[in-house]
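Shown next, in structure tokens, is the structure this report addresses.
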Amino acid sequence: MAYFSLRSSRVTAPLVRARLSSTHRRHRFHHPIALKMDAMDSYVQEEADKIKVTRHQQYDTSYVLSPTTVHPNPLEQFRAWFKSIKDEVHEPEAMTLSTATASGIPSSRTSRKSRELSENPNASLVFYWQEVHRQVRVLGKAEKVSREDSEVYYRSRPLGSRIGAWASKQSSVVGEDELHQHFKDVEEHFGVHEGDENKDIPIPDFWGGWRIIPTEIEFWAGKPSRLHDRVRYLRIDGTEESPEWKIERLSP
């Protein structure tokens, strides 16, 4: 789904897998805790024209987040947070990617990402780690990663995902059984048989990755009574390899 490009002092966001055509791969982002329907009935009220949620989630993390406790470099701060929560959070690399068309029409998670990034490179990422009541928001401009980086990531994927990259034209209209047929056609084309996990499936010409070069990064830690800790880094100067950041505390 994604991998992290944390290179020296270069501040980059994760490499986000995308088709370089008019389609884009799906970013999975979901809450890992499955709520039972009988529990939901206690705070979900359905009406004719709306669904009302009456539960008020209370956050409480012991982590103290302030401009005086964070690292001067937001990349290092993200690295520290990610390492500390990776064993507590299901799929910590999952994120919401938001883009917009050249005319400003937004979309999040799925659909048209690569095309929109080509038209309008402004984008944002949000990592929400429910289990530890933390969140990271990234705002910046996207750029294509090298073909070499895309290929390294592609070859790390399971065989089925590599076949799926060829078989699926993401977000295009597809018939009920058409996708499965495309998948079988790709298997046949490359001579894939059961147990061929290490089969060499080349990376498609239309498949590649993007990364976001941040201009703003916000770290959020949930606190009781909605008095959340929020710290924002704003890029103010410096070079691409060694940016300078203004660090501020934001009101909840």
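The values are calculated or read from the model by the stated rules, or taken from the named source; none is laboratory data. For clarity, every value in this text was computed on a predicted model and none was experimentally measured. All Cβ positions, glycine included, derive from the backbone under ideal geometry; neighbour counts span all protein chains shown.
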Query raised in the report: Only one residue in Ser172, Ser161 is without any contact (Cβ under 8 Å) to a residue 40 or more places away in the chain and over 27 Å from Leu234 (Cα atoms), so which one is that?
Result: Ser161
Requested in this report: Any residue in the stretch 66-87 that's modelled with pLDDT of 95 or more and part of a helix (DSSP H, G or I): show its pairings with residues that are hydroxyl-bearing (Ser, Thr, Tyr) and surrounded by 14 or more Cβ atoms within 10 Å (Cβ to Cβ) at Cβ separation under 6 Å, as long as the two are six or more apart or on different chains.
Outcome: Pro74/Tyr233
Report summary line: In the stretch 74-109, anything surrounded by 16 or more Cβ atoms within 10 Å (Cβ to Cβ) and among the β-branched types (Val, Ile, Thr) is listed as Ile85, Val89, Thr99
Query raised in the report: Looking at the stretch 89-115, which of its residues are part of a loop (DSSP other than H, G, I, E, B) and within 22 Å of Tyr233 (Cα to Cα)?
Result: Pro92, Glu93, Ala94, Met95
Report summary line: Within the stretch 206-230, the residues that are acidic (Asp, Glu) and within 30 Å of Lys144 (Cβ to Cβ) are Glu216, Glu218
Query raised in the report: Looking at the stretch 116-134, which of the residues that are outside any strand (DSSP E or B), in contact with a Ser or Thr (Cβ under 7 Å, 6 or more places away or on another chain) and not charged (D, E, K, R) is surrounded by the most Cβ atoms within 10 Å (Cβ to Cβ)?
Result: Leu117
